[in-house]
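Remarks on the structure that follows.
The values are calculated or read from the model by the stated rules, or taken from the named source; none is laboratory data. Keep in mind that what you see is a predicted model, and the values were worked out from it rather than measured. As a convention, Cβ positions derive from the backbone with ideal geometry for all residues, glycine included, and neighbour counts pool all protein chains shown. Only protein heavy atoms, including side chains, enter the accessible area calculation; ligands, DNA and RNA are left aside. Shrake-Rupley method; radii C 1.70, N 1.55, O 1.52, S 1.80 Å.
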Amino acid sequence: MRYLPLLLALLTACGDDDSPTDIGPDDRDQVDFAVDTAEDAPEDTAPPEDATPDDAPADAMDAADEALDAPMDAGPPIDPIDGAEEVTFVVGQYMGEDFGFLEGPHWVDGRLWFTDQFFGRPDRTAVYALTEAGAVDIIVQPSDGANGLGTNAAGDVIACLQAGRRIARIEPDSITTLFERFDGSRLNAPNDLVFREDGRWYFTDPGYGSEGAAELDTRAVYLVDDDTLTQVWRGSLEQRPNGIMLSPDESVLYLADTADGLVRAFDVEPDGTLTGERTFANVPGPDGLTIDEAGNLYVTTNSGVEAFAPDGTRWGALEVPMRAANATFGGADRRTLYITARTAVYSVRMPIAGIEGR
């Protein structure tokens, strides 16, 4: 541990303990040089007479490590709307037939999966997959009104079957029911879902299409923990919990309430319960939600796709030719925002990448 003087000198040059210091590229080079030089010093180098106790060099090395790990100055936030490219049409038909009502975009193994609820035509409901080259394949049809899609920790694609009033696993030409009742009553009509890294996940149950047949006295958000369903938010029968999303660090859950015209935010507890309910943003007709690496939340609304900073500040909106229903990030670099809007899929290149799986 004979490299202490070099490290102490370097730490003194970088800043004292009373004020934080930004470590720039040149400073990092100096740290690397000092550490390399110290490690290469000959063993017979005598320690200085004023050497500190044996634990002090270790403390100095810890301080150096902390300096190396210090975050770089990220600069001002980037406006994702100002940096976005042009919204472009991707696809609006399959085998020459127009889509009906598109929803549930989700990036799966290099392809964009999306759903067609095709109201009034149960035989035309489907889950499709779109390649980056523009080819469209059917995953399953009919789909019992599949809406929101997500991927669980095992890599299975899970769907909210709105018409079927259940949650199911989707595979090519296969639908397997996972949940369809809560406390003995049928679910209203599940809509959207989001997964946590620890395997727990959430889904919304607003009841679109089940009016008059509802068995539950609430429009709720459910937490799924293994095979257990828990209502972690209960709304009235007049409310519509719709799109749902987690912040990048999963500490905040966002919920679009279409009927109330707002996006709610909650603090997420380690066990998955929600606390600290608050209004994140007031927006016209919020529907689907997605998020980028900087924590900007994207909300499909009457105005297109609106973007909000993590503190709720509105950046602006992407204009979409048709009313947007939902959105997700995809592509090899996750910087393509895909938007389902009534009978078409649109895309736009964004300056900030999305979160994988969201």
TODO: Determine the sum of side-chain charges near T313: Lys and Arg each +1, Asp and Glu each -1, restricted to other residues whose C-beta is under 13 angstrom from that of T313.
DONE: -2
- [ ] Taking just the C-alpha trace of the stretch 75-213, give me its Rg and Dmax in Å.
- [x] 16.4, 53
Task: Long-range amide H partners of S143 with built H, under 5 Å - done: T125, A126
Open item on the list: Quick check: with the 1.4 Å probe, what order do T115, T177 take by accessible area, largest first?
Closed with: T177, T115
Open item on the list: What distance in nm lies between label points placed 7 Å from Cα along the C-beta direction at E215 and N282?
Closed with: 3.9 nm
TODO: Can you work out the accessible area per residue across the stretch 100-159, with the rest of the protein chains kept in place, probe 1.4 Å, in square angstrom?
DONE: 35 Å²
Task: For A344, distant residues with modelled amide H under 5 Å away - done: L102
- [ ] Starting from the Cα gyration tensor of the stretch 276-358, multiply each eigenvalue by 5, take the square root, and state the resulting semi-axes largest first in whole Å.
- [x] 19, 17, 10
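For T275, what charge total do you get from the other residues with a beta carbon under 9 Å from its beta carbon, if Lys and Arg give +1 and Asp and Glu give -1?
Combined, the nearby Lys, Arg, Asp and Glu give -3.
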TODO: Give the accessible area for E85 in Å² (nearest 10); use a 1.4 Å probe, count only protein heavy atoms, and leave out ligands, DNA and RNA.
DONE: 120 Å²
Open item on the list: Let me check something: with ligands and nucleic acids excluded, how do T340, T258 order by accessible area (1.4 Å probe), largest to smallest?
Closed with: T258, T340
- [ ] Pop out the ³J(HN,Hα) list for the stretch 231-241 in order, Karplus 6.51 cos²θ - 1.76 cosθ + 1.60 with θ = phi - 60°, rounded to Hz; leave Gly and Pro as x.
- [x] 7, 9, 8, 10, x, 6, 5, 8, 8, 9, x
Open item on the list: Tell me the relative contact order for the stretch 94-135 as a rounded percent, counting alpha carbon contacts under 8 Å between residues six or more apart.
Closed with: 32 percent
